Amino acid sequence: MALVLMLRPSDIAPKAVRFKADGSFSDFVFSTDHIVFGDKEATVTLHGVKNDMTRTGFSVILQGTSDIKLSPVQALKDYLLRTEDVRAGNRPVFLSLLPPHRAINAGTVASILNKAIKLAGLEGRGFSAKSFRPTGATAAIDMQCDPDIAMRQGRWKTRSVFYEHYVHSKPPPALAHDILELHA
């Protein structure tokens, strides 16, 4: 999910707070109310994340895959089903599996993502919890995805920030050959 939706750890566990009319405040929590499942996709609304100045949230589509074992939608459904008993009226999507089963914070999300990097055999190769966002952006552009769609999915406001800071495409191996052959 972090890769496909190009998420920061703080998008999954927002650091922002909401001020209430009575003068109190509460944390933004990525909750089960923010996910609407369709047949092969899910609409995910992220609240309290960077650039959500109006605090109305950003809705993005999490698409499934034809291989159910690789589908982030199916993985999310399975996770929610398997944690339903410990959720017991508690609505956070990602929560501590130790009592009192509260929403996890951005640091915990980063630790989990770093552990996934290690389990994938990528530790020590320049990847971190903050790599999912630029890696997703780069993969989208390398796959010839419409840049406007990739920017909308990753919630970027400007092309310059998107391309200068997040897209790290490399030229295809045959580029020099193709250019020279074209002009020969």
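The values are calculated or read from the model by the stated rules, or taken from the named source; none is laboratory data. What you are looking at is a predicted structure, and each value in this text was computed from that prediction instead of being measured. Methodologically, a virtual Cβ is constructed for each residue, glycine included, from the backbone with ideal geometry; neighbour enumeration extends over all protein chains shown. Protein only, heavy atoms only, side chains kept; ligands, DNA and RNA dropped before computing areas. Shrake-Rupley method; radii C 1.70, N 1.55, O 1.52, S 1.80 Å.
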Report MET143's accessible area, 1.4 Å probe, all protein chains in place, as a number in Å² to the nearest 10. 140
Set Lys and Arg Cβ to +1 and Asp and Glu Cβ to -1, take the dipole of the chain about its Cα centre, and tell me which of VAL73, VAL93, ALA120 lies farthest positive. VAL93
Average silhouette area of the stretch 73-139, convex hull of alpha-carbon atoms, in square nanometres: 5.6
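How long are the semi-axes of the equivalent ellipsoid of the stretch 15-67, taking √(5λ) for every eigenvalue λ of the Cα gyration tensor, in whole Å from largest down? Numbers along the way, then the final one.
Details: eigenvalues 157, 23, 13 Å².
Sorted largest first and rounded, they come to 28, 11, 8 Å.
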For the stretch 43-103, compute Rh as the Kirkwood radius over C-alpha pairs and then the Stokes-Einstein diffusion coefficient at 10 °C and 1.306 mPa s; write the answer in µm²/s, rounded to an integer. 118
Extension gain (nm, one decimal) between CYS145 and THR54, 0.36 nm per residue minus Cα-Cα: 29.9 nm
Scalar couplings 3J(HN,Hα) for the stretch 44-59 by Karplus 6.51 cos²θ - 1.76 cosθ + 1.60 (θ = phi - 60°), nearest whole Hz, x for Gly and Pro, are 10, 10, 9, 10, x, 9, 3, 6, 8, 5, 7, 6, 9, x, 10, 9
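Based on a Kirkwood Rh over C-alpha pairs, give the Stokes-Einstein translational diffusion coefficient of the stretch 1-159 at 20 °C and viscosity 1.002 mPa s in µm²/s. If you can, show how the numbers build up before the last one.
On the way: Rh = 16.7 Å.
It comes out at roughly 128 µm²/s.
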What is the helix-to-structure angle for 106-119, meaning the angle in degrees between its Cα long axis and the longest Cα principal axis of the chain, kept from 0 to 90 and rounded to the nearest 10? 50
